[in-house]
Amino acid sequence: MRIEPPVDGDERSTLEGFLDYHRQTLAWKCEGLTDEQLRTRALPPSTMSLLGLIRHMAEVERGWFRRRVGGQTDLPFIYVTSEDPDADFDRVEEDGREGAFKMWEGEIAAAREAAAGVPLDTVVHRTREPLTVSVRWVYFHMIEEYARHNGHADLLRERIDGATGE
C-alpha cells in the first residue's frame, strides 16, 4: 500500500513523504512475483531486473544515508566490490525475494535512523568526487534515484506479466 506524500507538510515531512512514496512504489512493482520473475532481465545488453533494482537501492540507501549522513564511512558494501561494481544487478541468481527485500527494508530502516534529527542544511561529503552536499540534496537525489528506477520497474513489470500502472 502506498501512502501519498503530504500536500501541506513542512519541508522535511514532504521530502520524507515523497521518498517513502517512491520506496513503496518500487515494492508495489515487485508485488506478487516469484523469485524467477523478479530475476527476469531487461533486454540485452542490460542486466537490470526488479530484484537487481531492489539490491541496488539497498546499496544506494546505505551509501547516502548510513555512510554519508550517518558518518559510518567504513561500512562495507552489501553486494558490490571493486572487482565487481555491478554485482547488485549482475549476481541476482544467488539471491531471492526474501533475502533481497530483508536487506533493502533493513537499509531503509537504518537510513531513517541515520537521518532522524539531522538538519537539512547539514553538509556531508560525497566520496566519489570531491563534493559536499546538504542532507536536503541527499533527499532530493534519493527521490530522483527512486523515480528513475521506478520507471525502469514499470517496463520490467510490463515485460514479465503485462501489468502496468502509474
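The values are calculated or read from the model by the stated rules, or taken from the named source; none is laboratory data. Keep in mind that what you see is a predicted model, and the values were worked out from it rather than measured. As a convention, Cβ positions derive from the backbone with ideal geometry for all residues, glycine included, and neighbour counts pool all protein chains shown. The area values use the complete protein model at the heavy-atom level, side chains included, leaving out ligands, DNA and RNA. Shrake-Rupley method; radii C 1.70, N 1.55, O 1.52, S 1.80 Å.
Quick notes on this structure:
- Phi-derived couplings, Karplus 6.51 cos²θ - 1.76 cosθ + 1.60 at θ = phi - 60°, listed residue by residue for the range 122-127: 4, 9, 10, 9, 8, 7 Hz, with x used for Gly and Pro.
- ³J(HN,Hα) computed for each position of the range 145-156 - Karplus, 6.51 cos²θ - 1.76 cosθ + 1.60, integer Hz, glycine/proline x: 4, 5, 4, 4, 6, 5, x, 4, 4, 4, 5, 5
- Cα-based shape type of the range 83-141, given that a ≥ b ≥ c are square roots of the gyration tensor eigenvalues and the cut on a/c is 1.5: oblate
- Distance from the range 28-55 to the range 117-152 (C-alpha centre basis), Å: 25
- Label point distance in nm, E31-T127, each placed 7 Å from Cα along Cα→Cβ: 3.5
- Estimated vicinal HN-Hα couplings, Hz - the range 36-46 in sequence order (Karplus 6.51, -1.76, 1.60; Gly, Pro = x): 4, 5, 5, 8, 4, 7, 5, 6, x, x, 5
- Relative to the longest principal axis of the Cα atoms of the chain, helix 97-115 runs at roughly 10 degrees.
- Carbon plus sulfur fraction of accessible area for the chain, probe 1.4 Å, in percent: 54
- Cβ crowding within 10 Å averaged over residues, with 123-130, 50-57, 17-24 ranked highest first: 50-57, 17-24, 123-130
- Label corresponding to Cα Rg over 2.2 N^0.38 Å when calculated from the structure given, among (1) 1.14; (2) 1.04; (3) 1.18: (2)
- Solvent-accessible area per residue for the range 84-166 (1.4 angstrom probe, square angstrom): 57
- Here the range 127-166 is assigned +1 on the Cβ of each Lys and Arg and -1 on the Cβ of each Asp and Glu. Its dipole about the Cα centre then comes out at about 160 debye.
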